[in-house]
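Student: I am attaching a structure below and will ask some questions about it afterwards.
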Amino acid sequence: MDDLLERFESAVDGIARLGRFPHTDRHRAWLDRLRLNLPELNAFEGLQPEPELGYLSPSPAGIAAGGTPVAGDATGIAAVARDCRTAPGRTAAPAQAALAEALRRNDLNAFITLADPATLDTAAATAAQHLRAGASLPLMGVPIAVKDLMLVAGFPQTNGSGGPRPAPAAHDALAVARLREAGALVVGTTNLHELAYGITSENPHHGWVANPRRAGYTPGGSSGGSAAAVAAGIVPIAIGTDTAGSIRLPASCCGVVGFKPSFDAVPRDGAQTLGASLDHIGPIAASVADAALMYSVMAGQPARTTRRAPLAGLRVGVPNNYFFDPLADDVARAVHAALARMRDDGATLVPIDLRGVEHSAALQFVTLCSEATELHWQRLVERPGTLGADVRVRLEIGQFFPATWYVRAQRGRAALAAMFAVAMRELDVLVTPTLRIEPPRSGAGSARIGGRDIPLHTAVTALTMPFNLTGMPALTLPCGIGDNGLPIGVQIAGRRGDDWRVLNVAARLEDLLATTP
């Protein structure tokens, strides 16, 4: 038996008694889950960050200006809003059509709660009144979906979990309120991995979310319902949340755009917390332009979209370590082809070593387990039966991590952030794969890369979580099709606060990938 696991085996019952955790019959489940995460735990044991690094205090980044005003010939959601402003009497039509499509595609399990048709009509009439009163309404009539982890007035906030169904919320989360004030109409709240604590959206309470690109394959998580709703064409935009990759992972698996802004660029008021220092809110969309417009509204900025200039002079960091090894062959081909498009458009590809990024999984694991367990402790003690098995045990094992581990993890995050800050002085963006593999089959527990089996959580989250730990903006967009016929994503990341540079570069790459080589 591994030495660390042996120490846990001798200690977990005593620690549980010390914390007055009443469900001590869970000994075997705890050890089985800890065994799965032994690579992260053993790596963490060897970390000794410099004491003077202090604590990485999460704080909102100042967002650099960028993007352009929405043009009159805009497409996507900007065109939907323009048409609704031109014909206010038809404002409800796009949302009613989206509602009908959501009902038709109930096989996807993408939604937990759908709007009432009469409510959509009322909301559309209210938007028309605001338009007549002089409001600009850059999202007038645009149908949206909201991850059921956020308050949406008139909808129960289930957080994808079990137990009694909550009463409808009395008010909106701030990001939702901003979208509604801009004229958007909420079609429904979307399914997710329970409490946003997982990567598959295999929800035991509300059904497994299906990947609309191909049956039997995961849509990714935790924002799987939001990504599936966009990929299926039900809605053009949806809200997701991202703690280790939960916007970008499902967006990549479903072949749409997912943007995790800089930490707290979009306020989290009214969203259920999972990891307080790791959670981000952002858009999932059919295009980069749609994601940018949605982001600008949620962030409380003037409504903007992307500037799609050629990449001449852009310095693109391509990591030598970690991000490209191990990597499935089809993912490597697609991402390198995208990089070649950027180079041919004038970008300079700069190989770079990112020392210490390999510690990300260990830092993420200790940080998230500690924060999530503390947050949900009362429920674990009083109502554990309302939780699915996978989420329950993940929440339970957080009680076994000493406070010294949590503090050490935050010093490690400070070191990671400092390393990225130095690296980005010579770069404009980083470009990496989004996942190490193409989307796996539903129910899979591992992935095979380079002749060896890797736990699924390692294969799926390894390349996204570094940017949650550091609060840097990161976006995924589809860049090809894998050997299994499913989408592959390429990830673009930037300095904290450089959200618009990431969006603008992504918009140009999207154009380049749309042209025939």
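Student: Any chance the range 408-415 includes a residue that's among the small types (Gly, Ala, Ser), closer than 21 Å to Gly198 by Cβ, in contact with a helix residue (DSSP H, G or I) (Cβ under 7 Å, 6 or more places away or on another chain) and touching a residue at least 40 places away in the same chain (Cβ under 8 Å)?
Tutor: yes
Student: Sticking with this structure for a sec: Which numbered condition trips up Ala135, out of (1) open to solvent by 30 Å² or more (accessible area, probe 1.4 Å); (2) assigned to a loop (DSSP other than H, G, I, E, B); (3) of a type in the set (A, V, I, L, M); (4) within 24 Å of His280 (Cα to Cα)?
Tutor: So Ala135 meets the others, but not (4).
Student: While we're here: List the number of the failed condition for Thr126; all other conditions in (1) assigned to a loop (DSSP other than H, G, I, E, B); (2) β-branched (Val, Ile, Thr); (3) open to solvent by 20 Å² or more (accessible area, probe 1.4 Å) hold.
Tutor: Of everything listed in (1) assigned to a loop (DSSP other than H, G, I, E, B); (2) β-branched (Val, Ile, Thr); (3) open to solvent by 20 Å² or more (accessible area, probe 1.4 Å), Thr126 misses just condition (1).
Student: Any residue in the range 160-173 that is touching a Ser or Thr at 6+ places or on another chain (Cβ under 9 Å) and surrounded by 23 or more Cβ atoms within 10 Å (Cβ to Cβ)?
Tutor: There is at least one residue in the range 160-173 that is touching a Ser or Thr at 6+ places or on another chain (Cβ under 9 Å) and surrounded by 23 or more Cβ atoms within 10 Å (Cβ to Cβ).
Student: Suppose we filter Ala334, Ala338, Ala291, Ala299 for residues that are within 20 Å of the chain's Cα centre (by Cα) and within 20 Å of Asp511 (Cβ to Cβ); which single one remains?
Tutor: The conditions single out Ala291.
Student: Of (1) hydrophobic (A, V, I, L, M, F, W, C); (2) buried (at least 24 other Cβ atoms within 10 Å of the Cβ); (3) within 20 Å of His206 (Cα to Cα), Val257 satisfies all except one. Which?
Tutor: All conditions are met except number (3).
Student: A follow-up question, please. On the basis of being surrounded by fewer than 24 Cβ atoms within 10 Å (Cβ to Cβ) and over 21 Å from Gly188 (Cβ atoms), does Pro267 make the cut?
Tutor: So Pro267 passes the test.
Student: Taking the range 151-173 on its own, how many of its residues are in contact with a Gly (Cβ under 6 Å, 6 or more places away or on another chain) and closer than 24 Å to Asp264 by Cα?
Tutor: The total comes to 2.
Student: Just for the range 451-464: of the residues that are hydrophobic (A, V, I, L, M, F, W, C) and crowded, with 24+ Cβ neighbours inside 10 Å, which one is nearest to Ile199 (Cα to Cα)?
Tutor: Val460
Student: Grab the strands (runs of 3 or more DSSP E) fully contained in the range 197-297, keeping just those with 1 or more residues being of a type outside the set (Ser, Thr, Tyr) and in contact with a His (Cβ under 9 Å, 6 or more places away or on another chain).
Tutor: Answer list for the range 197-297: 237-242, 257-260.
Student: Also, quick follow-up: How many residues are open to solvent by 10 Å² or more (accessible area, probe 1.4 Å) and either under 25 Å from Pro39 (Cα atoms) or without any contact (Cβ under 8 Å) to a residue 60 or more places away in the chain (or both) if we restrict to the range 345-362?
Tutor: Residues flagged as open to solvent by 10 Å² or more (accessible area, probe 1.4 Å) and either under 25 Å from Pro39 (Cα atoms) or without any contact (Cβ under 8 Å) to a residue 60 or more places away in the chain (or both) within the range 345-362 amount to 10.
Student: Let me ask another. Out of (1) open to solvent by less than 50 Å² (accessible area, probe 1.4 Å); (2) without any contact (Cβ under 8 Å) to a residue 60 or more places away in the chain; (3) in a helix (DSSP H, G or I), what's the single condition that is false for Glu374?
Tutor: Against the list (1) open to solvent by less than 50 Å² (accessible area, probe 1.4 Å); (2) without any contact (Cβ under 8 Å) to a residue 60 or more places away in the chain; (3) in a helix (DSSP H, G or I), Glu374 comes up short only on (1).
Student: When you scan the range 61-111, how many residues do you find that are of a type in the set (Lys, Arg) and either free of Cβ contacts under 8 Å to residues at least 40 places away in the same chain or not in a helix (DSSP H, G or I) (or both)?
Tutor: Count: 3.
Student: Looking at the range 402-439, which of its residues are open to solvent by 20 Å² or more (accessible area, probe 1.4 Å) and either of a type in the set (A, V, I, L, M, F, W, C) or within 21 Å of Leu36 (Cα to Cα) (or both)?
Tutor: Pro402, Ala403, Trp405, Tyr406, Val407, Ala415, Ala417, Ala418, Met419, Ala421, Val422 - these are the residues of the range 402-439 that are open to solvent by 20 Å² or more (accessible area, probe 1.4 Å) and either of a type in the set (A, V, I, L, M, F, W, C) or within 21 Å of Leu36 (Cα to Cα) (or both).
Student: Can you run down the residue pairs with Cβ atoms below 8 Å, 6 or more apart or on separate chains, where the first is in the range 317-334 and within 18 Å of Ile481 (Cα to Cα) and the partner is surrounded by fewer than 18 Cβ atoms within 10 Å (Cβ to Cβ) and aromatic (Phe, Trp, Tyr)?
Tutor: From residues that are within 18 Å of Ile481 (Cα to Cα), the pairs are Ala332/Phe324.
Student: Look through Ala459, Ala423, Ala447 and report the one residue that is over 21 Å from Thr348 (Cβ atoms), among the small types (Gly, Ala, Ser) and part of a helix (DSSP H, G or I).
Tutor: Ala459
Student: Still on this model: Working only within the range 467-498, note down all residues that are more than 17 Å from Val316 (Cβ to Cβ) and assigned to a helix (DSSP H, G or I).
Tutor: Asn468, Leu469, Thr470
Student: Determine if the range 56-75 includes at least one residue that is of a type in the set (D, E, K, R), in contact with a helix residue (DSSP H, G or I) (Cβ under 8 Å, 6 or more places away or on another chain) and at pLDDT below 95.
Tutor: no
Student: Continuing with this model, one more query. I need a count of the residues in the range 196-248 that are open to solvent by 10 Å² or more (accessible area, probe 1.4 Å) and in contact with a Phe, Trp or Tyr (Cβ under 6 Å, 6 or more places away or on another chain).
Tutor: So the count comes out to 1.
Student: Another question about this same structure. Exactly one of these conditions fails for Gly300: (1) among the small types (Gly, Ala, Ser); (2) open to solvent by less than 10 Å² (accessible area, probe 1.4 Å); (3) more than 21 Å from Asn191 (Cα to Cα). Give me its number.
Tutor: (2)
Student: Check whether at least one residue in the range 470-483 is in contact with a helix residue (DSSP H, G or I) (Cβ under 9 Å, 6 or more places away or on another chain) and surrounded by fewer than 18 Cβ atoms within 10 Å (Cβ to Cβ), and report yes or no.
Tutor: Checking the range 470-483: at least one residue is in contact with a helix residue (DSSP H, G or I) (Cβ under 9 Å, 6 or more places away or on another chain) and surrounded by fewer than 18 Cβ atoms within 10 Å (Cβ to Cβ).
Student: I'm checking my understanding of the structure. Among residues of the range 33-51 that are open to solvent by 90 Å² or more (accessible area, probe 1.4 Å) and in a helix (DSSP H, G or I), which one is modelled with the highest pLDDT?
Tutor: Among residues in the range 33-51 that are open to solvent by 90 Å² or more (accessible area, probe 1.4 Å) and in a helix (DSSP H, G or I), the one modelled with the highest pLDDT is Arg35.
The values are calculated or read from the model by the stated rules, or taken from the named source; none is laboratory data. None of these values were measured; they are calculated from a predicted model. Neighbour counts run over all protein chains shown; Cβ positions are idealised from the backbone, glycine included. The accessibility values were calculated without ligands, DNA or RNA, using every heavy atom of the protein model including side chains. Shrake-Rupley method; radii C 1.70, N 1.55, O 1.52, S 1.80 Å.
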